[in-house]
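Trainee: Pasting in a structure now, in structure tokens, and then I'll have a few things to ask.
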Amino acid sequence: MLLKEWMEKYEAKAEPFSIPDGFVLYFEPNKGFFLWRKIDKAFCIDAFCTNDIHGLQQTANDMGKDLGCTFLSTQTLHNPLAFQRLTKATLNRKLSGVRSNGIMYWVFEKSIV
């Protein structure tokens with residue numbers, strides 16, 4: 001799919017697409033996209049849309065490793081139990097919460113291997 005199609009899919013299930021300051025877009029036509037930035041030792045993923053969560057998670061893991069990060073931090077509005085089951089990441093309740101747009105986002109963390 002084209003990036004525009006992935007963004008439309010994201011907007012249909014989440015919120016209007018935008019790239020927050022400091023984030024970079026990663027895109028693969030056959031897998032989807034995610035927005036990322038490095039903060040200290042964390043490879044942080046903001047918005048994402050994919051049909052291959054494991055493939056993009058591995059890509060993020062590899063990118064984070066190359067940047068010297070020790071863990072992935074991902075925000076999602078999806079069902080936290082399903083996301084945890086799919087990604088094997090740990091929910092960080094302290095960082096989770098309602099954003100300024102009124103949507104609840106769950107923050108998950110996973111060690112980079």
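Any read-out appearing in this document is the output of simple, stated calculations on the displayed coordinates, not a laboratory observation. Remember, it's a predicted structure, so these values are computed and weren't measured experimentally. Using ideal geometry, Cβ is built from the backbone for each residue, glycine included, and neighbour counts are taken over all protein chains shown.
Trainee: Given (1) free of Cβ contacts under 8 Å to residues at least 60 places away in the same chain; (2) in contact with a strand residue (DSSP E or B) (Cβ under 7 Å, 6 or more places away or on another chain), identify the lone condition not met by Asp21.
Mentor: In the conditions (1) free of Cβ contacts under 8 Å to residues at least 60 places away in the same chain; (2) in contact with a strand residue (DSSP E or B) (Cβ under 7 Å, 6 or more places away or on another chain), Asp21 misses (2) alone.
Trainee: Shifting gears a bit: Residues being assigned to a helix (DSSP H, G or I) and surrounded by 15 or more Cβ atoms within 10 Å (Cβ to Cβ): count how many of those fall in the stretch 54-83.
Mentor: Residues in the stretch 54-83 being assigned to a helix (DSSP H, G or I) and surrounded by 15 or more Cβ atoms within 10 Å (Cβ to Cβ): 9 in total.
Trainee: Is it true that Ile53 is more than 17 Å from Leu95 (Cβ to Cβ), of a type in the set (A, V, I, L, M, F, W, C) and touching an Asp or Glu at 6+ places or on another chain (Cβ under 9 Å)?
Mentor: It is false that Ile53 is more than 17 Å from Leu95 (Cβ to Cβ), of a type in the set (A, V, I, L, M, F, W, C) and touching an Asp or Glu at 6+ places or on another chain (Cβ under 9 Å).
Trainee: Which number in (1) in contact with a Phe, Trp or Tyr (Cβ under 9 Å, 6 or more places away or on another chain); (2) farther than 21 Å from Leu3 by Cα; (3) small (Gly, Ala, Ser) marks the one condition that Gly32 misses?
Mentor: Against the list (1) in contact with a Phe, Trp or Tyr (Cβ under 9 Å, 6 or more places away or on another chain); (2) farther than 21 Å from Leu3 by Cα; (3) small (Gly, Ala, Ser), Gly32 comes up short only on (2).
Trainee: What's the total number of residues in the stretch 1-33 that are within 27 Å of Val113 (Cβ to Cβ) and touching a helix residue (DSSP H, G or I) at 6+ places or on another chain (Cβ under 6 Å)?
Mentor: Number satisfying all stated conditions: 4.
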